[in-house]
1. Please name all residue pairs, on different chains or six or more residues apart, with Cβ atoms under 7 Å, provided the first residue is in the stretch 16-37 and is polar (S, T, N, Q) and the second residue is away from the ligand (no atom under 14 Å from the Cβ).
2. Would the stretch 90-97 turn up any residue that is in a helix (DSSP H, G or I) and not basic (Lys, Arg)?
3. When you check residue 170 against the structure, is it of a type in the set (Phe, Trp, Tyr), closer than 22 Å to residue 286 by Cα, more than 16 Å from the ligand (Cβ to nearest atom) and touching a residue at least 40 places away in the same chain (Cβ under 8 Å), yes or no?
4. Kindly indicate whether residue 153 is modelled with pLDDT of 95 or more, under 19 Å from the mean Cα position of the chain (by Cα) and surrounded by 17 or more Cβ atoms within 10 Å (Cβ to Cβ).
5. Show the residue pairs meeting these rules: Cβ distance below 9 Å; 6+ apart or different chains; first residue within the stretch 137-163 and within 12 Å of residue 180 (Cβ to Cβ) and not assigned by TED's automatic domain parsing to the domain that holds residue 185; second residue away from the ligand (no atom under 16 Å from the Cβ) and assigned to a helix (DSSP H, G or I).
6. Among the residues of the stretch 148-167, which ones are among the hydrophobic types (A, V, I, L, M, F, W, C) and within 14 Å of the ligand (Cβ to nearest atom)?
7. Working only within the stretch 292-301, note down all residues that are crowded, with 18+ Cβ neighbours inside 10 Å and either modelled with pLDDT of 95 or more or part of a loop (DSSP other than H, G, I, E, B) (or both).
8. Identify the residue in the stretch 33-51 that is among the aliphatic types (A, V, I, L, M) and within 25 Å of residue 196 (Cα to Cα) and, among all such residues, is farthest from the ligand (Cβ to nearest atom).
Amino acid sequence: MSESLKIKNIRKKIAKMDQILILMHGSPDIDAIGSAYALLLFFLKKGKKAFIGIEESIPSRYSFFLDKEKQNQFFITKKEADSRLWEWVIALDTSDVRLLGEFKDMIGKHPVLVLDHHATFHPYGAFHFNNPSYSSTSEILFDILEKELDYEKALSLYAGIVYDTGHFRYSSTTPALLRKIAFLIEKYQINTEWVYYHIFENESIERKKLSCLISSTIESYEKNEVIVSYFPLRFKQELNLNESDTSDLVFVGNSVAGCLFSIFVKEKKDGVSVSLRSRTDFDVAGLAENWGGGGHQKASGIKIKNTTLEKSRTELVPALIQHYKKWRENQP
Ligand SMILES: [Mn+2]
């Protein structure tokens, strides 16, 4: 059984920890990286041994706020993690143990603390904190580390919050969150424009061209209420893209006028990853769970192995649209 903790108990618990491995979900986003990095810095400052486990190197678009030397020293592979002794594992922003990828076998071996804000949370590990009213895992870390912050931690959490709230646009942006943001900006003189530029602009020419190719795949259903777009692997080869250029492209279809539900299918070497976005009460987190995925009511994802883009187009996409139509019919 996983025991649910309160913020103040988490503070007490982490104060006593040492030899800590910090984990994030696969293909970590800036919320996962930002919260993990702030927690790493907290432990390092206390003189504790702590590292962040990563499956692949962090894309450059996601690492602008990291200190390069610390990144080289404290971000380690599974192999390096296996060669060390750990007293604690902390999993961040990861609603399901399966999302830890190759690190998931660390869970049975060590005491685990999980901090997460996804509505589709499936408790795992000895201790957890999950609250979907938080905008981001970085906001949870803000509450835990509020009295321990410095410029570097503050910047890291700010970046995570900006990313997960779409620069304070999503409904997860509460007055309480904005008070925390005001505190961060005032006390640590965060350069808000610089953070915005790195997360939402700063696109390579290849990425711009990729957006055009993805736009050319757009399909519209239900009078534009449902927009589907595709990212086949061949686009990646045609444009000679790096990993950093190919994330966060669901917006291409999702910003079509009238779109209330969007589906973005990205082809991978070993299957597909599907991003879902909702602009209504239609719950895409619940929808994603039907295929082993998860996330938030308005933003979720599904990963399917051993399938093709074509199979997703003819089977998965029609099934997803069918769910939306059924929901729509029952609306007043
Ligand atoms: Mn998050």
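The values are calculated or read from the model by the stated rules, or taken from the named source; none is laboratory data. Since the structure is predicted, the reported quantities are computational estimates derived from the model, not experimental observations. Reconstructed Cβ throughout: ideal geometry from the backbone, glycine too, with neighbour counts over all protein chains shown.
1. The qualifying pairs are 19/49; 19/85; 19/86; 19/87; 19/88.
2. First pass over the stretch 90-97, keeping only residues in a helix (DSSP H, G or I): 97.
Still in the running and not basic (Lys, Arg): 97.
For the stretch 90-97, residues in a helix (DSSP H, G or I) and not basic (Lys, Arg): present.
3. no
4. Criteria met by residue 153.
5. Going by the 9 Å Cβ cut-off, there are no qualifying pairs.
6. 157, 159, 161, 162
7. 293, 296, 297, 298 - these are the residues of the stretch 292-301 that are crowded, with 18+ Cβ neighbours inside 10 Å and either modelled with pLDDT of 95 or more or part of a loop (DSSP other than H, G, I, E, B) (or both).
8. First, the residues of the stretch 33-51 that are among the aliphatic types (A, V, I, L, M): 33, 36, 38-41, 44, 50.
Next, only the ones that are within 25 Å of residue 196 (Cα to Cα) stay: 33, 36, 38-41.
Working: 33: 10, 36: 11, 38: 13, 39: 14, 40: 17, 41: 19 Å.
My answer is 41.
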